[in-house]
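For reference, the structure discussed in these notes is given below.
No value in this document is a laboratory result; all are computed from the given coordinates. Because the structure is predicted, anything quoted here is derived from the model rather than measured. Every residue, glycine among them, receives a Cβ derived from its backbone with ideal geometry; neighbour counts consider all protein chains shown.
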Amino acid sequence: MKRALIITYYWPPSGGAGIQRWLKFVKYLREFDWEPVIYTPENPENPETDLSLFQDIPADLEVLKRPIWEPYNLYKKFIGQKTDEKIHSAFLSEHRKKPLIENFSVWLRGNFFIPDARKFWIRPSVHYLTRYLGNHPVNVIISTGPPHSMHLIALPLAKKFNVPWLADFRDPWTEIDFYQELRLTPWADRKHRQLEKEVLQAAGTVTVISDGMAESFYRIHPRLYHVITNGFDEDDIAPPEYSLSVDSHFSIAHIGTLVSTRNPITFWDALKQAIIEQPGLSDDLEIKLVGKVDWTVQNSIEQFGLSKFIRRMEYLPHREAIRQQQHSRILLLIINNTPNAGMILTGKFFEYLAARRPILCLGPVHGDAAKILDETHSGLIVGFGDSRKMKEHILILYRLYKNNALVSTTQNIDLYARKNLTSKLASILNNMVSAG
């Protein structure tokens, strides 16, 4: 088998969205004659813990772990957070923070930890992997970000050993939705852009998760970008013979983190109006929020008088979260209302497809998510701010529910199965080795 060194910050027992993409690639790579070797921190700041993910790791997989020093304990102390509390991504905060402290801490984070707080792991990792690769050669080096410090570990190694390097971007770098919130100085902004361009130029191959992201990166540095979307693992979906009971209520479920930029004001407004207009809806309605919720979202729910319809569930192990998708009547997909909205394709979206429940999406009507919704006949999409259209869709779906006719029409989703996506990845890796 050919060997691939994969440099990733997220690995079990870490949970959350960031881990799924490469955990699933690793699960299936051996079937395509590639042996993965993982390099990951020994003591990372995990957003969540999910022990169930260990079952996806292939037997006898080589996992290299080295300690990492991160400034998060100092950061937590500064903002008044307990050391055992988690640092959430994308500036999610479950409690209202003091503006002055929050603004200064964000400024500190954005300007002194470039490209991110894992920067202190770069140099020791390069030293360690230099020794490792000297004795254990590999055919390719793969880095996946964010955090983008992983790419800065791979860059000097690929040059030193003349090994093909694939840089995988699960999210953009300077085009990520919260980039403008980092309060960067002109110097820090230039540094981020310089490092981003250096990676895009130096990597032999770059993979991204959507057409929109490929176009965005192309504007930064023109080259070929391979699109490998996120996907779903058929092993995680209940088999047909397993009878899943659907919720008796008219349940609308959102699975995953609800940050402030994903606060669906349009949905809350439309839902309030639909409850007023449609008799019986208030008796049947249940809104399931599975995962962390920003305080701004909770505040909006209260302002629209919807608290009594909300059923909150904290982070669930991955397969339990998928079961919640399969049980729910409607799956709510919310695209961040940010400048990069058109390119956003979360891993959760593809698991929604596999759950085969109708999807109700709030996002750009001409974005990448809208295109796949249309191709797979899997749901309805409403543009940001269009409360009238959202209300119409909610009422249509509710009347179908009352008539026992609310069914999924999803089709043609095999392309997004994790095993098929891994086949595409393996083909790219084979071409890299052949060309190198």
Taking Cα atoms only, Rg over Rh for region 110-168 with Rh from the Kirkwood formula is 0.99
Non-local residues with an amide H under 5 Å from the amide H of Gly15, with H modelled 1.01 Å from N and Pro and chain starts lacking one, are Glu48, Thr49, Asp50
The Rg/Rh figure for the chain, Cα atoms and Kirkwood Rh, to two decimals is 0.96
If every Lys and Arg gets +1 and every Asp and Glu gets -1 at its Cβ, then about the Cα centre region 311-436 yields a dipole, in debye to the nearest 20, of 480 debye
Helix 186-202: inclination vs the chain longest Cα principal axis, degrees, rounded to 10, gives 70 degrees
Checking rank on 186-193, 42-49, 292-299, with mean other Cβ inside 10 Å and highest first, the result is 292-299, 42-49, 186-193
Here the FRET efficiency for Asn403 versus Ile220, based on Cβ atoms and R0 = 35 Å and rounded to 0.05, is 0.10
If unit charges are put on Cβ atoms (+1 for Lys and Arg, -1 for Asp and Glu) and the dipole of region 148-284 is taken about its Cα centre, the option from Pro279, His226, Phe267 lying farthest towards the positive end turns out to be His226
Counting all Cα-Cα pairs in region 315-369, those more than 15 Å apart amount in percent to 47 percent
Distance in Å, no decimals, from the C-alpha centre of region 396-423 to the one of region 235-313 is 19 Å
In whole Hz, the Karplus estimates of ³J(HN,Hα) for region 352-357 (6.51, -1.76, 1.60; θ = phi - 60°; x where Gly or Pro) are 4, 4, 5, 5, 6, 10
Percent relative contact order for the chain, counting Cα pairs under 8 Å at least six residues apart, stands at 16 percent
A student asked for the Cα radius of gyration and Dmax of region 234-414 in angstrom ought to give 15.2, 43
Ala238 and Lys159 label points (each 7 Å along its Cα→Cβ direction) are spaced in nm at 5.3 nm
Sequence order, region 311-327: Karplus ³J(HN,Hα) from phi using 6.51 cos²θ - 1.76 cosθ + 1.60, θ = phi - 60°, Hz rounded, Gly and Pro as x, gives 10, 8, 9, 5, 3, 10, x, 3, 5, 5, 5, 5, 4, 4, 4, 5, 7
With only helices counted (DSSP H, runs n ≥ 4, each -39500 (n - 2.57)), the per-residue ellipticity at 222 nm for the chain, to the nearest 500, works out to -12500 deg cm²/dmol
Ranked output for segments 406-414, 155-163 by mean other Cβ atoms within 10 Å, highest leading, reads 155-163, 406-414
Toy charge model, Lys and Arg Cβ at +1, Asp and Glu Cβ at -1: the chain dipole around Cα centroid in debye, rounded to 20, equals 1060 debye
Projected onto their principal axes, the Cα atoms of region 281-388 stretch, largest extent first, over whole-Å spans of 35, 31, 26
Hull surface over four for the Cα convex hull of region 333-436, reported in nm², is 8.1 nm²
For region 377-436, inverting the pair-averaged 1/r of distinct alpha-carbon atoms gives a Kirkwood value in Å of 15.3 Å
Listing Ser125, Ser387, Ser307 by rising number of other beta-carbon atoms within 10 angstrom, fewest first, gives Ser307, Ser387, Ser125
